[in-house]
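Beneath this line is the structure, given in structure tokens, with notes to follow.
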Amino acid sequence: QVQLMQSGGGLVQAGGSLRLSCAASGITFSGSVSAWYRQAPGKQRELVAAISRGGSRNYADSVKGRFTISRDNVKNTVYLQMNSLKPEDTAIYFCKAAVIGLDYWGTGTQVTVSS
């Protein structure tokens, strides 16, 4: 059974930092395309950052230069380091792993950035 267990998140002031973690069981992140998405109230879920099996990264324009996605193959965990946070970053953040055409999602974690 595949599980993605998220941790991190919370309330932070604008300009602050947070780190999200997503630990997997049942799959290996190194064998998947891993990503972070977010969904703000009343908006569609959007891709924030992704990392390929080979380690290539891509980011949404809105977070480039502020967020960093990384992966620890030993811990089988993917991270999202978020710096210089803005109120518009407020959302529920989800991790996702795509393996052989199947998508697995974490349960989400709230990030709230106050102005």
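Worth pointing out:
- Among the residues making up segment 42-57, those that are in a loop (DSSP other than H, G, I, E, B) and surrounded by 13 or more Cβ atoms within 10 Å (Cβ to Cβ) are Arg45, Ser52, Arg53.
- Scan of segment 26-41 for residues that are modelled with pLDDT under 95 and either assigned to a loop (DSSP other than H, G, I, E, B) or open to solvent by 20 Å² or more (accessible area, probe 1.4 Å) (or both), ordered by number: Gly26, Ile27, Thr28, Ser30, Gly31, Ser32, Val33, Pro41
- Among the criteria (1) in contact (Cβ under 8 Å) with a residue 60 or more places away in the chain; (2) touching a Cys at 6+ places or on another chain (Cβ under 9 Å), the one Ser21 does not fulfil is (1).
- Scan of segment 103-112 for residues that are open to solvent by 10 Å² or more (accessible area, probe 1.4 Å) and either aliphatic (A, V, I, L, M) or assigned to a strand (DSSP E or B) (or both), ordered by number: Asp103, Tyr104, Trp105, Thr109, Gln110, Thr112
- Within segment 76-115, tally of residues that are farther than 16 Å from Gly26 by Cβ, touching a residue at least 60 places away in the same chain (Cβ under 8 Å) and not β-branched (Val, Ile, Thr): 15
- Answer residue from segment 59-75, given it is closer than 24 Å to Pro41 by Cα and without any contact (Cβ under 8 Å) to a residue 12 or more places away in the chain and is surrounded by the most Cβ atoms within 10 Å (Cβ to Cβ) among those: Tyr59
- Taking the listed residues Gly15, Gly10, the one that is of a type outside the set (Ser, Thr, Tyr), at pLDDT 95 or above and open to solvent by less than 50 Å² (accessible area, probe 1.4 Å) is Gly10, with no other qualifying.
- Hits in segment 76-102 - residues which are modelled with pLDDT of 95 or more, open to solvent by 50 Å² or more (accessible area, probe 1.4 Å) and outside any loop (DSSP other than H, G, I, E, B): Gln81, Pro87, Glu88, Ile92
- Residues that are within 16 Å of Leu4 (Cα to Cα) and among the acidic types (Asp, Glu) within segment 62-95 comprise just one, Asp72.
Every residue, every condition in (1) more than 14 Å from Tyr104 (Cα to Cα); (2) charged (D, E, K, R), yes or no:
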| site | (1), (2) |
| --- | --- |
| Met5 | no, no |
| Ala23 | no, no |
| Ser34 | no, no |
| Ala40 | yes, no |
| Leu47 | yes, no |
| Gly54 | yes, no |
| Arg57 | yes, yes |
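The values are calculated or read from the model by the stated rules, or taken from the named source; none is laboratory data. Note that the structure is predicted; figures quoted are calculated from it, not measured. When we count neighbours, we look across all protein chains shown, and the Cβ atoms used for this are built from the backbone with ideal geometry, even at glycine. For accessibility, only protein heavy atoms count, side chains too; no ligands or nucleic acids. Shrake-Rupley method; radii C 1.70, N 1.55, O 1.52, S 1.80 Å.
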